[in-house]
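The values are calculated or read from the model by the stated rules, or taken from the named source; none is laboratory data. Nothing here was measured: the structure is a model prediction, and the numbers come from that model. Please note that ligands, DNA and RNA were not included when accessible areas were found on the heavy atoms of the full protein model with its side chains. Shrake-Rupley method; radii C 1.70, N 1.55, O 1.52, S 1.80 Å.
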Amino acid sequence: MGKIRQITSTCVRDEAELTQEQIEEIVREEFPGEARLYLEMDDQVLLGRYDRGTWQVRTDGQGIQNAFPWENVQKMIIFDEEQELRLVRRGLHFCGRLRRDEACGSPVYVMDEEQKMWGEGQRADEAWSMLKSSRGASIWVPEVLGRDGGAMGLRVRKYFEFPDATEKRGLVSQIDERLLGFCPWPDNRGCV
């Protein structure tokens, strides 16, 4: 488990209903380079990559796809080390928030931690690995594992506030969290 520290961050919540085209424009503006992608679909979870206007995902038995069925997306997270765009389906559209850690933001307390993605990794090629669990589940990860494979984790940042005792809201509240990236898992114990 990480240590709690203070950083500056901004969070812009938008209740506007966004279309696919609007989302693609926002992503192009906010993520000019490479970012990671997390999709909760109707029937599966996909991990992928976004790179300068191109979406890349892989599913079982198929190579890299540069598109995915938007009508099946229930939740979408685009993230890199500095920011995360989190969108949730609302009817035919999406709404959500952009969280960015930057110098001109408001002070907030954070803690980074690694969470294990269950399964043993197998390197598929120079850009992707596959995690397979003993129960039969598998997921493609847009990261490269060592030649011998291994386990992987997901780096997560949690955001906290410490209310004044007179506010009667408890001692600490987790107000947000965001994905930072993938990482190799040091061993198979199941904890950091």
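Carbon and sulfur together cover what percent of the accessible area of the chain at a 1.4 Å probe radius?
Working: 5210 of 10680 Å².
Within the chain, the accessible surface is 49 percent carbon and sulfur.
Name the long-range amide H neighbours of Trp185: under 5 Å, sequence gap of 5 or more, or other chain; modelled H, no Pro or chain starts.
Ala151, Met152, Gly153
Quick one: Debye curve from the alpha-carbon atoms of the stretch 83-132 only, equal weights, vacuum; give me log10 I(q)/I(0) at q = 0.32 Å⁻¹ to two decimals.
-1.17
I'd like the Karplus ³J(HN,Hα) series for the stretch 25-33: coefficients 6.51, -1.76, 1.60, θ = phi - 60°, whole numbers in Hz, and an x wherever there's a Gly or Pro.
Taking θ as phi minus 60°, the curve returns 5, 4, 5, 4, 6, 7, 10, x, x Hz for the stretch 25-33.
Could you tell me the accessible area of Glu21 in Å² (1.4 Å probe, neighbours in place), rounded to the nearest ten?
About 120 Å², ignoring ligands and nucleic acids.
What list of ³J(HN,Hα) values in whole Hz, one per residue of the stretch 81-97 in order, does the Karplus curve 6.51 cos²θ - 1.76 cosθ + 1.60 (θ = phi - 60°) give from phi, with Gly and Pro shown as x?
5, 9, 7, 8, 9, 10, 10, 10, 5, 9, x, 8, 10, 10, 9, x, 8
For n ≥ 4 DSSP H runs only, could you compute -39500 (n - 2.57) per run for the chain, divide by its residues and tell me the 222 nm figure to the nearest 500?
Details: 1 runs with 11 residues, N = 192.
When only DSSP H runs of four or more count, the value is -1500 deg cm²/dmol.
Using a Gaussian network model of the chain with C-alpha springs under 10 Å, which one of Val12, Val73, Val108 is most mobile by mean-square fluctuation?
Val12
Going from the alpha-carbon gyration tensor of the stretch 5-185, what semi-axes, largest first and in whole Å, does one get by taking the root of 5 times each eigenvalue? Numbers along the way, then the final one.
Numbers: eigenvalues 170, 93, 46 Å².
Over the Cα atoms of the stretch 5-185, the semi-axes work out to 29, 22, 15 Å.
Can you classify the stretch 36-125 as rounded, prolate or oblate using the Cα gyration tensor, where a ≥ b ≥ c are the square roots of its eigenvalues, rounded means a/c under 1.5, and otherwise it's prolate if a/b beats b/c and oblate if not?
Values: a/c = 1.89, a/b = 1.33, b/c = 1.42.
In terms of gyration-tensor shape, oblate.
Quick check: convex hull over the Cα atoms of the stretch 1-61, volume per residue in Å³, rounded to an integer?
On the way: hull volume 11.2 nm³, N = 61.
Taking the convex hull of the Cα positions in the stretch 1-61, it is 184 Å³ per residue.
Just need the relative contact order of the chain here, percent rounded to a whole number, with Cα pairs under 8 Å and 6+ apart.
Values: 427 pairs, mean separation 41.2, N = 192.
After rounding, I find 21 percent.
Using the heavy atoms of the protein chains alone and a 1.4 angstrom probe, what is the accessible area of the chain per residue in square angstrom?
Averaged over the residues of the chain, the accessible area is 56 Å².
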